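For reference, the structure is listed below as structure tokens.
The values are calculated or read from the model by the stated rules, or taken from the named source; none is laboratory data. Because the structure is a prediction, the values reported are computed rather than measured. As a convention, Cβ positions derive from the backbone with ideal geometry for all residues, glycine included, and neighbour counts pool all protein chains shown.
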Amino acid sequence: MSKNYDLVTIGGGIVGLAIADAWLTTNPRDSVLVIEKESSIAFHASGRNSGVLHAGFYYAPDSLKAKLTRDGNQKLREFCHERNIPILEAGKVVVTKSEKEIPALEKLYSQGIANGCTLELIDENQLREIEPLARTHGKALWSPLTAVSSPIGVTQALADRVIEKGGEIRLSTSVTLAGPGWVTINGSEKVLAGHIVNTAGVFADRVAHWFGVGKEYKMMPFKGLYLYGNWEKGRMKRHVYPVPDARNPFLGVHTTVTVDGTVKLGPTAIPAFWREEYSDFSSFDLGEMSEILSLFPKFFFSKHHNVPGLIKSEFPKYIKRYLVNQVREMVPSVNVKDFQTKGRPGIRAQLLHVPTSKLEMDFVVRSGEKSTHVLNAVSPAWTSSLAVGEYVVKNIHDGGFH
Ligand SMILES: Cc1cc2nc3c(=O)[nH]c(=O)nc-3n(C[C@H](O)[C@H](O)[C@H](O)COP(=O)(O)OP(=O)(O)OC[C@H]3O[C@@H](n4cnc5c(N)ncnc54)[C@H](O)[C@@H]3O)c2cc1C
């Protein structure tokens, strides 16, 4: 039996939910269905991230990330207040590991100002006042609007709002094939849709290929590991981040304060060998592993990234001592003895442009027949989600992405 919906999203992470939410705001009478293969909301990236509301200074001024993160930060903050979800206005400092990093820090500052972010370049004395546990060399960056909330709490609350607006969410339901105007679920049931939005996270490339969209892209997953500290809550007040390597789309291992004041280290960006390679072999897929490994010989020599450097620095982070030592350069009081508890790992759904071996740095959204494909919803798409939702829906109504 088939059923008709005006809009179907494939994937019930924060991006799929935000698009459903925005659609129901512009078209309140429409029927909207969110299809999620897991039995709970936020099982993947949306519930396994740092929960940081980024301010938007890491991204090129003409990028989608710059615009949608600055706006998304504000919208998500308002959403947390509207729904009484705890949010900690921790703020963030970006510190240097040597004076050589000061030009890159200043560049980050100028970029942030161009992006309309509230930012300040501070000296060592000011840093000591803002976060006494952090160290820098000469200068640091202060971002007061970088906050933190609960990744699962926020995503669940958005799911609740979608249902309140009349949307339907089907959990434990897998889309096994789809094409323009239809999806097959759990291998047999057919659902018809006026428009389909692919927000399948780490599977977004595979879903897009069913529609003949984004054939030049493949997903290259990276694993983010965390370590929790046993420090008393509130001992560390701010998030402390390094100056990132601009050649890679990752921010480098950092310390964040969770919304309840616990300190955690991470996440790493270790290449993963299959899409949901968390900590065991339950989702092992030989086909996926072969596909991902086949991308590596060319990717290793990519002129766009320092891949040998990335591999050399990331794989040792499986060793706790090595991971902790990365952070000690920024927060000297961090030590291995206090940081022993592993957090839930997350997988970054990082898109690779196969012909050029380039990891896409910006969000990538493509139109297909009666469909839209969100192909690179990498960090900070959790922060940006509500702005991404409005942006995607507006573009669908205006005729699609070109
Ligand atoms: C380690 C880590 C740390 C991060 N830290 C931050 C941060 O601090 N701040 C920030 O803003 N962002 C952060 N991010 C990024 C953020 O988590 C993601 O950008 C965001 O969660 C992406 O949401 P999504 O809905 O696209 O993906 P997901 O949450 O992965 O949702 C996709 C969903 O699609 C479902 N699905 C897939 N295929 C199918 C199918 N065939 N049928 C039905 N359902 C399907 C999956 O089960 C999944 O639930 C981090 C990410 C990671 C991995």
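For the reader, a short list of remarks on this structure follows.
- Exactly one residue among Y228, Y241 is away from the ligand (no atom under 11 Å from the Cβ) and either modelled with pLDDT of 95 or more or surrounded by 15 or more Cβ atoms within 10 Å (Cβ to Cβ) (or both), and that residue is Y228.
- Scanning segment 325-346 for residues that are within 24 Å of the chain's Cα centre (by Cα) and surrounded by fewer than 22 Cβ atoms within 10 Å (Cβ to Cβ) returns Q326, T341, K342, G343, R344, P345.
- Count of residues meeting criterion [of a type in the set (D, E) and in contact (Cβ under 8 Å) with a residue 60 or more places away in the chain] in segment 88-147: 2
- Residues that are within 14 Å of the ligand (Cβ to nearest atom) and crowded, with 22+ Cβ neighbours inside 10 Å within segment 203-219 comprise A204, D205, V207, A208, M219, listed in sequence order.
- Being among the acidic types (D, E), closer than 21 Å to I113 by Cα and either within 12 Å of the ligand (Cβ to nearest atom) or more than 20 Å from the chain's Cα centre (by Cα) (or both) is a property that does not hold for E89.
- Residue match in segment 301-310 (condition: touching a helix residue (DSSP H, G or I) at 6+ places or on another chain (Cβ under 7 Å), β-branched (V, I, T), on the phi < 0 side of the Ramachandran plot and more than 12 Å from the ligand (Cβ to nearest atom)): yes
- Here is the figure for segment 115-139: residues that are out of contact with any helix residue (DSSP H, G or I) (no Cβ under 8 Å at 6 or more places or on another chain) and among the aliphatic types (A, V, I, L, M) total 3.
- In segment 261-275, residue farthest from F339 (Cα to Cα) [restricted to those that are touching a Pro at 6+ places or on another chain (Cβ under 8 Å) and away from the ligand (no atom under 11 Å from the Cβ)]: W274
- Count of residues meeting criterion [within 19 Å of the chain's Cα centre (by Cα) and closer than 25 Å to K67 by Cα] in segment 22-43: 1
- Among residues of segment 106-133 being outside any loop (DSSP other than H, G, I, E, B) and among the polar types (S, T, N, Q), the one that is nearest to T69 (Cα to Cα) is Q111.
- Cβ-Cβ contacts under 6 Å between residues 6 or more apart (or on different chains), taken from a first residue in segment 381-392 that is of a type in the set (D, E, K, R) and more than 11 Å from the ligand (Cβ to nearest atom) to a second residue that is at pLDDT 95 or above and assigned to a helix (DSSP H, G or I), are listed as E390/A22.
- Every pair of residues 6+ apart whose Cβ atoms lie under 6 Å, when the first sits in segment 29-53 and is without any contact (Cβ under 8 Å) to a residue 60 or more places away in the chain while the second is among the hydrophobic types (A, V, I, L, M, F, W, C) and more than 6 Å from the ligand (Cβ to nearest atom): none
- Residue ID - nearest to H402 (Cα to Cα), chosen from residues in segment 363-377 that are polar (S, T, N, Q) and surrounded by 23 or more Cβ atoms within 10 Å (Cβ to Cβ): T372
- Within segment 86-102, the set of residues being in contact with a helix residue (DSSP H, G or I) (Cβ under 8 Å, 6 or more places away or on another chain) and either outside any strand (DSSP E or B) or small (G, A, S) (or both) comprises P86, G91, T96.
- When residues in segment 1-31 are screened for being assigned to a strand (DSSP E or B), buried (at least 24 other Cβ atoms within 10 Å of the Cβ) and more than 6 Å from the ligand (Cβ to nearest atom), 2 of them pass.
- Filter result for F222 (within 14 Å of G12 (Cα to Cα) and either over 24 Å from the mean Cα position of the chain (by Cα) or within 12 Å of the ligand (Cβ to nearest atom) (or both)): no
- Selection over segment 178-218 of residues that are free of Cβ contacts under 8 Å to residues at least 24 places away in the same chain and of a type in the set (G, A, S) gives a count of 2.
- Residue, surrounded by the most Cβ atoms within 10 Å (Cβ to Cβ), within segment 38-74, restricted to residues that are more than 12 Å from the ligand (Cβ to nearest atom) and among the charged types (D, E, K, R): R70
- Close pairs (7 angstrom Cβ cut-off, 6 or more residues apart or separate chains): touching a residue at least 40 places away in the same chain (Cβ under 8 Å) and hydroxyl-bearing (S, T, Y) in segment 57-86, away from the ligand (no atom under 13 Å from the Cβ) and in a loop (DSSP other than H, G, I, E, B) anywhere: Y58/P244; Y59/N115
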